[in-house]
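Novice: Please read through the structure below; I'll follow up with questions.
What follows draws every value from the coordinates through simple rules; no lab data is involved. Please read all numbers here as calculations on a predicted model, not as lab measurements. Cβ: placed from backbone, ideal geometry, glycine included. Neighbour counts: every protein chain shown.
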Amino acid sequence: MKIHEYQAKDILAKYGVAVPRGEVANTLDEALEVAKRLFAEGAKGVVVKAQIHAGGRGKGGGVKVAKTLEEAEQYAKQILGMQLITHQTGPQGQKVQRLLIEETAAIDRELYLGIVLDRAAAKLVFMASQAGGMEIEEVAARDPKAIHKAYIDPAVGFQPYQARELAFALGLKPTQINDAVKFMMGLYKAYMDTDSSLLEINPFITTKDDKLFALDCKINFDDNAMFRHKDLKELRDIAEEDPLEVEASKYALNYIKLDGNIACMVNGAGLAMATMDIIQYAGGMPANFLDVGGGANQQQIEAAFAILLADKAVQAIFINIFGGILRVDVLATAVVAAAKKLNVTLPIILRLEGTNVEEGRKILQESGLKFQVGSTMKEAAELVVAAAKRQ
């Protein structure tokens with residue numbers, strides 16, 4: 001689950017991590033009120049920042065520095081309601097529905113801090129780099145040595161000596177080291193306490209008077225842990241998410257929209273990945289990743305069909321099921337009922353294996369619907385790609 005920058009900074013502030021003064025604004029009047037208050041409190045300028053779930057906002061025109069209240073009003077009018085296009089939103093962009101208005105800082109240096117799980121090492125890794133304000137992926141590709149890493153033993157957690165090593169690697173002044181250690185320890189505690197999957201400060205800045213601030217912040221949470229955090233779950237902004245993905249989450253379906261024209265319905269994430277691969281191998285493009293899980297019922301199957309059909313780009317449906325927990329005959333019955341109820345006219349190609357597979361195939365054959373069943377994944381993939389091309 002993703003949250004906005006202003007929400008992430010509110011969380012960090014509770015852990016003693018320094019963030020600039022600022023407030024969220026949902027309207028132009030609110031934005032002007034916040035800007036007035038900041039200027040009255042001594043701010044030399046304010047930053048008007050679009051709040052969307054995507055990076056690259058500055059390059060897209062969604063971050064502006066205002067030195068006067070008039071400029072703040074001009075930028076707020078310009079950004080609020082705009083369709084902001086960045087490298088992460090795609091060409092359709094994302095509508096800006098709220099702004100973060102915060103004081104400017106006298107930046108001396110822009111650095112980077114981040115915490116993420118390194119799956120290969122099976123440990124969390126705390127990363128630091130002097131190349132702040134840049135895409136960390138670009139930094140890693142260009143100069144891997146520019147990223148300093150501290151691997152965290154899960155039994156003992158992130159230690160102050162590791163924070164000091166990272167602080168020295170960043171070239172911080174001796175007078176800034178202790179503050180940096182406190183800053184990093186706060187980030188780690190916030191990461192752990194909230195069951196985060198990613199915490200990134202980019203840029204992490206030093207100011208001309210030697211203070212440290214999180215100028216920008218990105219936090220993603222582990223969806224599977226949100227039952228432990230009802231307060232964090234309330235931070236979810238479904239307006240920032242794909243409507244079909246939101247609908248899928250209501251039925252405990254794992255759905256991700258893609259750019260192709262062949263819809264996929266599978267039971268199991270690994271099988272979903274293999275299905276998308278074999279569709280591309282056969283010359284097609286998957287329209288989605290949809291995992292109904294091992295124990296899907298008819299309601300979920302119907303919901304899955306409705307979600308697949310709501311994507312206007314879809315020209316054929318590929319159902320790839322390996323029946324273990326979910327028996328093939330149960331799946332087949334649900335598929336037939338859903339196809340009839342929703343009046344599905346698109347070609348449906350299935351590949352079925354596992355428990356009660358023969359009974360499942362018989363149910364499909366006797367349904368009166370024009371299903372095609374491939375004997376192998378390869379054959380089924382070729383059938384669905386050909387069917388999509390005929391549409």
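Novice: What residues have an amide H closer than 5 Å to that of L84, excluding those fewer than 5 places away on the same chain, when H is modeled at 1.01 Å from N in the peptide plane?
Specialist: Here Q94, K95, V96 satisfy the definition.
Novice: Just order 373-380, 84-91 by mean Cβ neighbour count inside 10 Å, highest at the front, would you?
Specialist: Most protected by this proxy first, the peptides run 373-380, 84-91.
Novice: Order of 298-307, 334-343 by packing, highest average Cβ count within 10 Å first?
Specialist: The most tightly packed comes first, giving 298-307, 334-343.
Novice: On to the next question. I'd like the Karplus ³J(HN,Hα) series for region 111-121: coefficients 6.51, -1.76, 1.60, θ = phi - 60°, whole numbers in Hz, and an x wherever there's a Gly or Pro.
Specialist: Whole-Hz 3J(HN,Hα) from phi for region 111-121: 10, 9, 9, x, 10, 8, 7, 8, 5, 5, 8.
Novice: Beyond 17 Å, what share of the Cα-Cα pairs of region 242-390 remains, rounded to the nearest whole percent?
Specialist: Tail of P(r) above 17 Å: 55 percent of Cα pairs.
Novice: Calculate the translational D of region 45-100 in whole µm² s⁻¹ from Stokes-Einstein, where the hydrodynamic radius comes from the Kirkwood formula applied to all Cα pairs, the temperature is 4 °C and the viscosity 1.567 mPa s.
Specialist: Estimated diffusion coefficient is 117 µm²/s.
Novice: Would you mind counting up the charge near G16? Only other residues with Cβ under 10 Å from its Cβ, with Lys and Arg at +1 and Asp and Glu at -1.
Specialist: With Lys, Arg at +1 and Asp, Glu at -1, the net is +3.
Novice: To continue, here is another question. Express in nm, to one decimal, how much length is gained between K362 and Q280 on full extension, taking 0.36 nm for each residue of separation and deducting their alpha carbon distance.
Specialist: Contour length minus the Cα-Cα distance gives 26.6 nm.
Novice: From the phi of every residue in region 166-172, what ³J(HN,Hα) in whole Hz does the Karplus formula 6.51 cos²θ - 1.76 cosθ + 1.60 yield, where θ is phi - 60° and glycine or proline is x?
Specialist: Here the 3J(HN,Hα) series is 5, 4, 5, 5, 7, x, 6 Hz.
Novice: Could you check the spin-label model distance between K67 and D222? Points 7 Å from the Cα along Cα→Cβ, value in nm.
Specialist: 4.8
Novice: I've got another one for you. Sequence neighbours fewer than 8 away in the same chain don't count; with that in mind, list the aspartates and glutamates whose C-alpha is under 20 Å from K233.
Specialist: E5, D10, D193, D195, E200, D222, D223, E241, D242, E245, E247
Novice: Output ³J(HN,Hα) for region 225-235: one whole-Hz value per residue in order, computed from phi by the Karplus curve 6.51 cos²θ - 1.76 cosθ + 1.60 with θ = phi - 60°, and x for Gly and Pro.
Specialist: 9, 5, 5, 8, 10, 4, 5, 6, 4, 6, 7
Novice: Charges on Cβ only, +1 for Lys and Arg, -1 for Asp and Glu, centred on the Cα centroid of region 242-390; of Y281, V373, G293, which one is farthest towards the dipole's positive end?
Specialist: In region 242-390, that residue is V373.
Novice: For the chain, report the translational diffusion coefficient in µm²/s to the nearest whole number, using Stokes-Einstein at 10 °C, 1.306 mPa s, and a Kirkwood Rh over Cα pairs.
Specialist: Numbers: Rh = 23.7 Å.
The estimated diffusion coefficient comes to 67 µm²/s.
Novice: If you stretched the chain out fully between Q74 and N297, how much longer would it get, using 0.36 nm times the residue separation minus the C-alpha to C-alpha distance?
Specialist: Once the chain is fully extended between Q74 and N297, it gains 75.0 nm.
Novice: How charged is the neighbourhood of V385? Take every other residue with its Cβ under 15 Å from the Cβ of V385, and add Lys/Arg as +1 and Asp/Glu as -1.
Specialist: After counting each charged neighbour, the total is +1.
Novice: Using the count of nearby Cβ atoms within 10 Å as a rough guide to exposure, how do Y281, Y188, Y161 rank from fewest to most? Numbers along the way, then the final one.
Specialist: Details: Y281 13, Y188 21, Y161 10.
Arranged by neighbour count, lowest to highest, Y281, Y188, Y161 become Y161, Y281, Y188.
Novice: Using a 10 Å cut-off on Cβ atoms, rank the peptides 40-52, 230-242, 353-365 from the highest mean neighbour count down.
Specialist: Ranking, from highest mean packing down: 40-52, 353-365, 230-242.
Novice: Any of K312/K378; K49/K211; K2/K189; K182/K211 with alpha carbons more than 24 Å apart? Name them for me.
Specialist: Correct reply: K312/K378.
Novice: Among Q74, Q92, Q83, which one moves the most in a GNM of the chain with springs linking Cα atoms closer than 10 Å?
Specialist: Q92
Novice: In debye, nearest 20, what is the charge dipole magnitude of the chain about its Cα centre with +1 on Lys and Arg Cβ and -1 on Asp and Glu Cβ, if you could check?
Specialist: 240
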